[in-house]
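In what follows, a single structure is set out as structure tokens and then discussed.
The values are calculated or read from the model by the stated rules, or taken from the named source; none is laboratory data. These figures come from a predicted structure and were not determined experimentally. Counting neighbours? That spans all protein chains shown, and the Cβs are built from the backbone with ideal geometry, glycine included.
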């Protein structure tokens with residue numbers, strides 16, 4: 001419920017402070033009120049108009065307190081509108097922002113209720129919009145979207161409804177696009193390691209196992225034999241140099257083990273070892 005000040009003020013026989021000056025601030029829509037020639041308090045333009053504040057008007061302590069409370073609420077409300085102007089927000093985000101700027105929790109709750117009534121705040125609309133953007137722009141998976149919405153205070157029921165904006169076919173399409181990026185960066189990795197990287201990246205992006213299975217069925221991570229061997233040579237040369245202090249069988253075993261761990265086939269590893277041994281003999 002929004003605070004409405006009591007406009008009826010009791011008459012008093014004692015002299016009350018009077019408004020002697022109303023001065024516009026540099027900030028548009030804000031005014032400074034002077035009582036008996038001294039600065040007293042600021043007000044928003046809407047409050048100035050609503051209460052018809054004018055020079056010569058008497059202001060009791062109680063009435064001044066009412067104006068200040070109403071002005072505090074108005075500042076919180078305007079701040080939230082500006083915050084919403086940049087992007088849609090969840091209810092929790094609005095409350096957290098107001099509290100972070102030293103408005104009371106009660107004021108934050110009141111502002112949120114007014115914004116909800118005016119249609120500016122709606123967690124379902126927010127979650128649906130967030131889901132569509134995450135799916136269409138960043139290609140995130142549903143688990144990541146769900147986690148991010150929970151952080152923003154959206155409840156599970158609304159999240160599940162919002163995720164209906166992200167159809168399974170689009171998840172697969174986004175997963176394929178991500179997999180293709182991984183493949184382009186994996187020219188020096190084995191086919192098996194590339195496949196494992198794709199699976200790992202898709203899981204990190206929030207895609208579930210059924211989507212990952214579909215993605216891996218739609219793409220081929222198998223390299224041509226020449227490409228696979230070129231990748232092996234890059235990895236093998238690194239390991240060979242790293243084990244330069246070892247000799248003979250120990251060195252060969254270390255290199256073989258390292259290449260097996262990177263997913264290369266035994267035949268290609270043997271071919272590489274034979275070539276390196278021949279090179280060593282020629283030196």
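Here are the numbers for this structure:
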| quantity | calculated |
| --- | --- |
| Residue check, residue 209 free of Cβ contacts under 8 Å to residues at least 24 places away in the same chain and under 30 Å from residue 239 (Cβ atoms) | no |
| Residue tally, condition surrounded by fewer than 13 Cβ atoms within 10 Å (Cβ to Cβ) and either within 19 Å of the chain's Cα centre (by Cα) or in contact (Cβ under 8 Å) with a residue 12 or more places away in the chain (or both), over the stretch 156-179 | 4 |
| Selection status of residue 137, assigned to a helix (DSSP H, G or I), modelled with pLDDT under 95 and not assigned by TED's automatic domain parsing to the domain that holds residue 87 | yes |
| Qualifying residue in the stretch 186-205 (condition: loosely packed, with under 12 Cβ neighbours inside 10 Å and more than 28 Å from residue 147 (Cα to Cα)) | no |
| Test: residue in the stretch 34-41 that is within 26 Å of residue 105 (Cα to Cα), under 40 Å from the mean Cα position of the chain (by Cα) and either at pLDDT below 95 or outside the structural domain of residue 152 (by TED's automatic domain parsing) (or both) | yes |
| Search result, residues across the stretch 248-269 that are touching a helix residue (DSSP H, G or I) at 6+ places or on another chain (Cβ under 9 Å) and on the phi > 0 side of the Ramachandran plot | 263 |
| Residue list for the stretch 143-155, filter: within 14 Å of the chain's Cα centre (by Cα) and either touching a residue at least 12 places away in the same chain (Cβ under 8 Å) or within 14 Å of residue 208 (Cβ to Cβ) (or both) | 143, 144, 145, 146, 147, 148, 149, 152, 153, 154 |
